Amino acid sequence: MLGMRHVGKRIAQQLFVEPNQEDLRRTFVRRWARNDKQASLWSMDAMMRWSLADRLGCIDVPTLLVSSDEDYTQVPLKEHIAARMPSSPSTTTPATRFPPKSRRSPTKSLTRSSHGWVSERRSGRAHR
């Protein structure tokens, strides 16, 4: 069994990949190491067992699925998820990721994509 600090380091390396994010990696590891080990194990177990996959078709409210070309999961998977949800398009913001590469606000492309999506719904022009 890995210790909390070791797990925190592995997660931080995946979250904060940019060389200039060393301070964020150290902060994350320090904070992660303070988590209760048993509670973390229970949470991870619950997350691994939880899924909405069989209920995606029941989500009938307009939902914009936003992804990035640098996210952990690949864009085609997110497009597949959006296709299973009625009234739910997907948009991809290029060269972005979560957490962001910097502490700046979300990208302009995300703002443009979501604004267009909301405007279509307000005007009644929404289509899939």
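The values are calculated or read from the model by the stated rules, or taken from the named source; none is laboratory data. Note that the structure is a prediction, hence the values are computed from the model and not measured. When we count neighbours, we look across all protein chains shown, and the Cβ atoms used for this are built from the backbone with ideal geometry, even at glycine.
Values computed for the structure shown
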| quantity | calculated |
| --- | --- |
| The one condition in (1) assigned to a helix (DSSP H, G or I); (2) surrounded by 15 or more Cβ atoms within 10 Å (Cβ to Cβ); (3) acidic (Asp, Glu) that ASP45 fails to fulfil | (2) |
| All positions within the range 4-25 that are modelled with pLDDT of 90 or more and exposed (fewer than 14 other Cβ atoms within 10 Å of the Cβ) | ARG5, HIS6, ARG10, GLU22, ASP23 |
| Hey, VAL29 at pLDDT below 90 and of a type outside the set (S, T, N, Q) or not | no |
